[in-house]
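Contents: one structure, followed by commentary.
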Amino acid sequence: MNYDHIVVRYGELSLKGKNRRHFESQLFETVKKKLKPFPALKAMKAFDRINIDLNGEDYSPVVKKLQEVFGIHAISLAVKSENDLEMIKAAALEAFRKANTGPGTFKISARRAYKHFPVGSQELNREVGAHILINTENITVDVHKPDIDVRIEVKENATYISCITFPGAGGLPVGVGGKAMLMLSGGIDSPVAGYLTLKRGVRIEGLHFHSPPFTSERAKQKVVDLTQELTRFGGKIKLHVVHFTEIQKIIKDKIPASYSMTIMRRVMLRIAEQIAEKNNAMAIANGENLGQVASQTMHSMYAINEVTNMPILRPVITMDKIEIVDIAQKIGTFDISIRPYEDCCTIFLPSAPKTKPKREKAIRFEQYIENLDELVARAVEQAETIFLDENKTTEEFSDLF
């Protein structure tokens, strides 16, 4: 007997009260899209889980795909049995044998959701546990910390038995928390910020500032590749590329060097806000990490944030660099991020940027750029939009988005 089903279990969703039905529906739609490469599978939504009939498919690539879906707490391999005590005992023994690799401990965790089944949960625990003990060697019961937990769930139409469980991604289903505009520099931090934003159910669109010829097409491609990697967790993602060369040259020419980084970040935020509003995003997300560089001190954030009333999400703001790198490696963005291509934040970098800029001075220096509103509007209007999808090749659209 092989594992013929996968049981997808919810985590945080079970706490969402009146929103639970909406969250579960969103998750189910995401799971169906994620499983498109496996047309033989059949996914069925139940009250507190999703049951997937493998129909002979190998479970390993299916589990790997499901582990990229936010909102899933656990993924269990399962054997489906008819609602008959003897058949349940036989199926549980086979499932246990597949999971057991040697001497160890186990327990039975039976749950009779279908109350018309004549055998209660405690009796199922005893009956199935005794059957496994009789038919195996070097196995003992440990109800506190067993090596193998044999989970038996009696539903109305069938019973599902599972012994092997894989962790899910956790979080909330993407799409239940609105949309944010993610500022993607091409470094290590911002893709991780995007991943963590998606984990809270927030859909994202990417925003990258590109300054040719000072930044190369390879630098732009690096950001496209990072966004493509994030589609594994967020589905379809739009990437907006803003041509920033003209504005950067003006800042270099007209703003005192010590404040050029502050003014540049303020202008970036102005552009981000307008592109966010244009695309119905309710927040801006970025990879700022407190104290990491001159523009990410508390003083700098105070001076820069003043240009927008839109919420700014900073998921990695308190993390150590090692923690951020660990996540980047886990989600597959680290090797892309360390490609040696400069982004626009590193060109024209002053030798001594102000780490404690004054908001009043920033406002005054910004007025040196006479046509700032016009420059911002033109940058927003001329932004290039690239559409990416996990299961498709990159396509560029000029009018559709």
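May I ask you to give the average projected area over all directions of the convex hull of the Cα atoms of the range 179-388, in nm² rounded to one decimal?
10.4
Treating the angle as unsigned and between 0 and 90°, give the value, to the nearest 10°, between the Cα long axis of helix 20-34 and the longest Cα principal axis of the chain.
Tilt relative to the chain: about 90 degrees.
Of the beta bridges DSSP finds with both residues in the chain, what % are antiparallel, to the nearest 5?
Working: 35 of 61 bridges.
In the chain, approximately 55 percent of DSSP beta bridges are antiparallel ones.
With springs only between Cα atoms under 10 Å apart, run a GNM on the chain and tell me which of Tyr160, Tyr59, Tyr195 wobbles the most.
Of Tyr160, Tyr59, Tyr195, the Gaussian network model singles out Tyr59 as fluctuating most.
Relative to the longest principal axis of the C-alpha atoms of the chain, give the angle of the C-alpha long axis of helix 121-134, reported between 0 and 90° and rounded to the nearest 10°.
Approximately 70 degrees, to the nearest 10.
What does the net charge come to around Gly120 if you take all other residues with beta carbon closer than 13 Å to its beta carbon, with K and R at +1 and D and E at -1? Write down the numbers at each step before the final one.
Details: positive: Arg111, Arg112, Lys115, Arg126; negative: Glu123, Glu127.
After counting each charged neighbour, the total is +2.
Let's see if you can work this out: charge +1 on each Lys and Arg Cβ, -1 on each Asp and Glu Cβ, no other charges. What is the dipole magnitude of the range 3-122 about its Cα centre, in debye to the nearest 20?
Details: 22 positive and 13 negative charges, 100 e Å.
Taking the Cα centre of the range 3-122 as origin, the dipole is about 480 debye.
Could you sort Met298, Met268, Met44 by their accessible area in this structure, using a 1.4 Å probe and putting the largest first? Spell out each step's value before the answer.
Details: Met298 125, Met268 5, Met44 90 Å².
From most accessible down to least: Met298, Met44, Met268.
What accessible area, in Å² to the nearest ten, does a 1.4 Å probe give for Lys236?
Probe radius 1.4 Å; accessible area of Lys236 about 110 Å².
Fully extended, how many nm does the chain gain between Thr245 and Glu370 (0.36 nm per residue separation, minus their Cα-Cα distance)?
Working: separation 125, 0.36 × 125 = 45.00 nm, distance 1.70 nm.
Once the chain is fully extended between Thr245 and Glu370, it gains 43.3 nm.
On average over all directions, what projected area in square nanometres does the range 99-183 have, based on the convex hull of its Cα atoms? Provide the component values of the computation, followed by the final result.
Working: hull surface 37.3 nm².
Averaging across all directions leaves 9.3 nm² for the Cα convex hull.
Would you be so kind as to identify which of Ala158, Asn138, Ile204 lies farthest towards the positive end of the dipole of the chain, taking Lys and Arg as +1 and Asp and Glu as -1 on Cβ and the Cα centre as origin?
The Cα lying farthest towards the positive end belongs to Ile204.
Mind putting a number on the dipole of the range 179-388 about its Cα centre? Charges go on the C-beta only, +1 for Lys and Arg and -1 for Asp and Glu, and I need it in Debye to the nearest 20.
On the way: 28 positive and 24 negative charges, 62 e Å.
Using only the charged Cβ atoms, the result is roughly 300 debye.
Which pairs break 21 Å Cα to Cα here: Lys64/Lys238; Lys33/Lys236; Lys33/Lys179? If you can, show how the numbers build up before the last one.
Values: Lys64/Lys238 24 Å; Lys33/Lys236 11 Å; Lys33/Lys179 19 Å.
Beyond 21 Å: Lys64/Lys238.
Could you sort the peptides 102-109, 244-251 by per-residue average Cβ neighbour count (10 Å cutoff), highest mean leading?
Values: 102-109: 15.9, 244-251: 19.0.
Result, highest mean Cβ count within 10 Å first: 244-251, 102-109.
Add +1 for every Lys or Arg and -1 for every Asp or Glu among the other residues with Cβ under 10 Å from the Cβ of Gly104, and state the total.
On the way: positive: none; negative: Asp142, Asp147.
Around Gly104, the charge tally is -2.
Using only Cα atoms, tell me the angle between helix 217-234 and the longest principal axis of the chain; keep it within 0 to 90° and round to the nearest 10.
Its long axis makes an angle of about 30 degrees.
May I ask you to compute the full-extension gain from Asn135 to Asp320, defined as 0.36 nm times their residue separation minus their alpha-carbon distance, rounded to one decimal in nm?
Numbers: separation 185, 0.36 × 185 = 66.60 nm, distance 5.11 nm.
Once the chain is fully extended between Asn135 and Asp320, it gains 61.5 nm.
GNM, the chain, Cα, under 10 Å: largest mean-square fluctuation among Leu375, Leu269, Leu230?
Leu375
Binned at 10 Å from 0, what are the whole-percent values of the Cα-Cα distance distribution for the range 5-167, short to long?
Computed distribution, short to long bins: 10, 37, 35, 17, 2.
Alpha carbon centre of the range 55-118 versus the range 144-192: separation in Å?
Cα centres, the range 55-118 to the range 144-192: 17 Å.
Order Glu390, Glu153, Glu277, most accessible first, counting only protein heavy atoms with a 1.4 angstrom probe. All intermediate terms of the calculation are to be shown ahead of the outcome.
Values: Glu390 45, Glu153 15, Glu277 110 Å².
Listed by decreasing accessible area, they come as Glu277, Glu390, Glu153.
Under unit Cβ charges (Lys, Arg +1; Asp, Glu -1), what dipole magnitude, rounded to 20 debye, does the chain have relative to its Cα centre?
Working: 55 positive and 50 negative charges, 163 e Å.
Magnitude of the dipole: close to 780 debye.
State, as an integer percentage, the relative contact order of the chain based on alpha-carbon contacts under 8 Å between residues 6 or more apart. All intermediate terms of the calculation are to be shown ahead of the outcome.
Details: 767 pairs, mean separation 64.1, N = 401.
Dividing the mean separation by the residue count of the chain yields 16 percent.
Report, in deg cm²/dmol and to the nearest 500, the calculated mean residue ellipticity at 222 nm for the chain, where each DSSP H run with n ≥ 4 adds -39500 (n - 2.57) and the sum is divided by the residue count.
-12000 deg cm²/dmol
By a straight-distance test (C-alpha under 18 Å), which lysines pair with Lys361 as possible cross-link partners, with residues fewer than eight away in the same chain excluded?
Straight-distance partners of Lys361: Lys252, Lys254.
With all protein chains present, how much of the accessible area of the chain (probe radius 1.4 Å) comes from carbon and sulfur, to the nearest whole percent?
Values: 9560 of 19170 Å².
After summing per-atom areas, the C and S share lands at 50 percent.
The values are calculated or read from the model by the stated rules, or taken from the named source; none is laboratory data. Treat the numbers as computed from the prediction; the structure is a model and nothing was measured. Every residue, glycine among them, receives a Cβ derived from its backbone with ideal geometry; neighbour counts consider all protein chains shown. Side chains included, ligands, DNA and RNA excluded: accessible areas come from the protein's heavy atoms. Shrake-Rupley method; radii C 1.70, N 1.55, O 1.52, S 1.80 Å.
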